[in-house]
Structures are given as C-alpha cells and as structure tokens.
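Student: The structure that follows is given in the form of structure tokens.
The values are calculated or read from the model by the stated rules, or taken from the named source; none is laboratory data. Note that the structure is a prediction, hence the values are computed from the model and not measured. Glycine also receives a Cβ, built like all others from the backbone with ideal geometry; neighbour counts cover every protein chain displayed.
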C-alpha cells in the first residue's frame, strides 16, 4: 500500500515528503473534498517532488460538465501532476460517468500518455446525491482511466467506514483489480481504521485529516505522516 498525503501548500508538501509520503496529492480543502488548487502550487510541489515521489492533483468535486472537466484536467496535467484526480460528484449515471471520464482521459493522455487519471466516487453517495462508486470501475475501464477511488463528499468527520462496511470495500477493491485498475481508499480515515485497511490492502490510502491532528483545516505534520506510515508498514 502506498500512502497518499494531501498538502495544500509547499510547507505541507515538505512535511509530507519528510514524513515518508509515497504520493503528494495537491488539493485545496477550502473548495471541498477534492477541491482544486492553483496551477502554480501544483507546479511548485511537482518541482519539490521531482525524482522522489509522484504528484497527484485534484480538479474538484465536479458537476456533470465534461468540457469544464477536460480543461481542468489539462491544466493539472500541464502543471506537473502525474495523477489527475476527478471527483464525479454531480454525475448521476454510469453513462454520464463514462462521458466525463472520456473527456478527462483524452485531455490528459493527449498531453502525456504516461500520466494517470483517477476517477473518484464517494462512499456517502446517497446523501450527496451522486453515483454509486460501485459503478465507477466499469466506467473507468471504458474511458481508459487508471485508478478508481472512494472518498467522502461531505467532510463532517464521518469516515468512509460509516457508509461502507469492510465487505463493501473489499468488493470495491476486488472489482477494480478484476478490471486491471489500481484502487484507492480515502475519506476521514482515522488511526482506528488502519488495521482494517491493512487487511483490505488497497493500492493507495489517501489521508489529510489524520496527519493534521484530526482537523483537515489545520496543517500537515511530519511526525503524524511518519506515524501513519509506520502503522501501515507493521
């Protein structure tokens, strides 16, 4: 399992890197669960991480607007992101998911076929009015995306494990792997969830709040990144 940590600025990126993060995921928590940061922040973090770890960038909790999404994806990829992560919040059907992902994947892969697209759904999809994440692996495969992810849309402290039990998450991972996709899990993960995640073995675990002392609006702390990394490796 690789540990993805989501910094919002250079200071946090340096702390995440020093703590042992495997992927730096540039986001802006002020704009939502997968809020997009600025191109110059992505570029600075990419320069910091060059030759050390890959960089991911979120492009927002998106409405069903494939054109807007494709431009945002191109911006993130052009700014140095190795992974471009799209939250399909406003998507209601598998067909809409495919249309969105086709546009995003084309924008990214035409720039650089080596860059990866992450299709993110939400474990609390029913309260957020979004598509079930269980429909995303098939849509991601059809569009040529590389990773499927599950996060939480509403950041009120309730974790993914409140909405999906361990069996549900195992099914999501199994489905993604059966389609040759990487699978990532995130969503207000706490230290109490790490044993279950170790059993589940997703490819990537995404965190922010846990490495900010429990408040995702606070700052990423090197020692907490190291603590999570150590717990996952035991």
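Student: Right, residue 156: surrounded by fewer than 23 Cβ atoms within 10 Å (Cβ to Cβ), on the phi < 0 side of the Ramachandran plot and modelled with pLDDT under 95 or not?
Tutor: When the stated conditions are applied, residue 156 passes them.
Student: Also, quick follow-up: Between 202, 195, which is outside any strand (DSSP E or B) and in contact (Cβ under 8 Å) with a residue 12 or more places away in the chain?
Tutor: Within the list 202, 195, the selection yields 202.
Student: Where in region 4-95 are there helices (runs of 4 or more DSSP H), lying wholly inside it, with at least 3 residues that are closer than 20 Å to residue 222 by Cα?
Tutor: On the way: elements: 10-19, 39-49, 66-78.
Those helices (runs of 4 or more DSSP H) span 10-19, 39-49.
Student: For residue 56, are the conditions met, namely being under 17 Å from residue 88 (Cα atoms) and touching a residue at least 24 places away in the same chain (Cβ under 8 Å)?
Tutor: yes
Student: Could you count how many residues in region 122-138 are touching a helix residue (DSSP H, G or I) at 6+ places or on another chain (Cβ under 7 Å), in contact (Cβ under 8 Å) with a residue 40 or more places away in the chain and either under 21 Å from residue 112 (Cα atoms) or not in a helix (DSSP H, G or I) (or both)?
Tutor: 3
Student: Follow-up. Return the pairs, sorted by first residue and then second, in which the second residue is at pLDDT below 90 and part of a loop (DSSP other than H, G, I, E, B), the first residue lies in region 212-234 and is at negative phi and surrounded by 14 or more Cβ atoms within 10 Å (Cβ to Cβ), the beta carbons are less than 6 Å apart, and the residues are 6+ apart or on different chains.
Tutor: 212/218
Student: I've got another one for you. Within region 96-120, how many residues turn out to be in a loop (DSSP other than H, G, I, E, B) and in contact with a strand residue (DSSP E or B) (Cβ under 9 Å, 6 or more places away or on another chain)?
Tutor: Going through region 96-120 one residue at a time, the tally reaches 1.
Student: Quick one: in region 15-34, which of the residues that are more than 13 Å from the chain's Cα centre (by Cα) and more than 22 Å from residue 231 (Cβ to Cβ) is surrounded by the most Cβ atoms within 10 Å (Cβ to Cβ)?
Tutor: Only one residue fits best here, namely 31.
Student: Within region 86-115, can you find the residues that are out of contact with any helix residue (DSSP H, G or I) (no Cβ under 8 Å at 6 or more places or on another chain) and either crowded, with 20+ Cβ neighbours inside 10 Å or under 18 Å from residue 181 (Cβ atoms) (or both)?
Tutor: 87, 109, 113, 114
Student: Of the residues in region 205-234, how many are within 16 Å of the chain's Cα centre (by Cα) and assigned to a helix (DSSP H, G or I)? Before the answer, list the steps.
Tutor: First pass over region 205-234, keeping only residues within 16 Å of the chain's Cα centre (by Cα): 205-211, 216.
Then drop every residue that is not assigned to a helix (DSSP H, G or I), which leaves 209-211.
Result for region 205-234: 3.
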